[in-house]
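Right, one structure below, let's go through it.
The values are calculated or read from the model by the stated rules, or taken from the named source; none is laboratory data. Owing to the predicted nature of the structure, the values given are computational and were not obtained by experimental measurement. Neighbour counts are summed over all protein chains in view; Cβ atoms, including those assigned to glycine, are modelled from backbone coordinates with ideal geometry. Only protein heavy atoms, including side chains, enter the accessible area calculation; ligands, DNA and RNA are left aside. Shrake-Rupley method; radii C 1.70, N 1.55, O 1.52, S 1.80 Å.
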Amino acid sequence: MSTNRREGNNRRQELIDATLNCIENEGLQGTTVRKVADYAGVTNGLIRFYFSGKDELMRAAYAALLDQIYSHARIAVDDDTVKPQVRLRNFISATLSYPIVAPRTVLLWANFLPVTYIDTEMSIIRNEAYVETTNILEPLIRDSFLDNGTALDDKKVKSYAIQVNAIIDGLWIEGSLAGNKFQGEELVNLGIEATAAILSLKI
């Protein structure tokens with residue numbers, strides 16, 4: 001990658017980070033190109049060099065937020081030499097730990113959520129993220145059962161994945177909003193116990 005291209009990518013990411021910081025403090029409605037420029041310490045013109053306007057900037061920021069969340073989840077399950085039950089456990093641990101479980105993360109997510117129901121491109125970004133969760137969970141669940149000598153059909157695997165994802169989402173919101181309510185690995189352990197109960201499987 002050329003130096004100019006790398007610097008361009010870095011600057012674009014800096015503008016996305018500034019956008020997320022602006023949304024965190026000003027809310028989505030209060031976030032404008034001018035305010036993002038202030039947060040980034042640049043001119044409006046520089047932002048418009050990288051983004052056509054606020055809509056494109058918001059979409060890039062939303063995609064970046066979801067990618068930050070799922071990058072931690074992906075890392076937790078990357079090693080396919082590890083037993084699937086352990087990788088499933090690692091996935092739950094990663095998604096129910098900092099920095100995914102944090103007030104800032106859920107605040108940003110909540111700001112974007114209403115827009116995903118009125119903006120087609122934002123809806124696509126949201127749906128792609130949900131598919132990514134399914135693409136991570138389904139093989140882990142299928143392989144965990146296979147490792148215990150049970151083969152599940154696709155319908156059952158999908159059903160389990162939806163249930164486990166719902167448990168994780170609920171605990172993620174609870175943990176992010178509850179401050180110091182959960183100590184140590186308590187939230188992670190709740191997720192693991194609930195998942196094991198749904199699957200009737202030791203993980």
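Brief remarks follow.
- In the stretch 140-156, residue nearest to the chain's Cα centre (by Cα) [restricted to those that are open to solvent by less than 50 Å² (accessible area, probe 1.4 Å) and of a type outside the set (Phe, Trp, Tyr)]: Leu140
- If you go through the stretch 30-72 and keep only what is in a helix (DSSP H, G or I), open to solvent by less than 80 Å² (accessible area, probe 1.4 Å) and hydroxyl-bearing (Ser, Thr, Tyr), you end up with Tyr50, Tyr62, Tyr70, Ser71.
- Among the candidates Arg126, Arg142, the residue that is assigned to a helix (DSSP H, G or I), basic (Lys, Arg) and either in contact with a strand residue (DSSP E or B) (Cβ under 9 Å, 6 or more places away or on another chain) or closer than 17 Å to Tyr70 by Cβ (or both) is uniquely Arg126.
- Residues that are at pLDDT 95 or above and acidic (Asp, Glu) were ranked within the stretch 1-19; the one that is farthest from the chain's Cα centre (by Cα) is Glu14.
- Selection status of Val131, open to solvent by 60 Å² or more (accessible area, probe 1.4 Å) and within 28 Å of Arg104 (Cβ to Cβ): yes
- Options Ala94, Ala110: the member that is closer than 26 Å to Thr150 by Cβ and part of a helix (DSSP H, G or I): Ala94
- Among the residues of the stretch 20-29, not a single one is under 23 Å from Asn127 (Cβ atoms), open to solvent by 70 Å² or more (accessible area, probe 1.4 Å) and at pLDDT below 95.
- The C-beta contact set for the stretch 159-170 (first residue closer than 13 Å to Asn135 by Cα, second residue assigned to a helix (DSSP H, G or I) and of a type in the set (D, E, K, R), distance under 6 angstrom, 6+ apart or interchain) comprises Ala161/Glu138.
- All conditions in (1) under 24 Å from Val131 (Cβ atoms); (2) buried (at least 20 other Cβ atoms within 10 Å of the Cβ) hold for Ile173, with the sole exception of (2).
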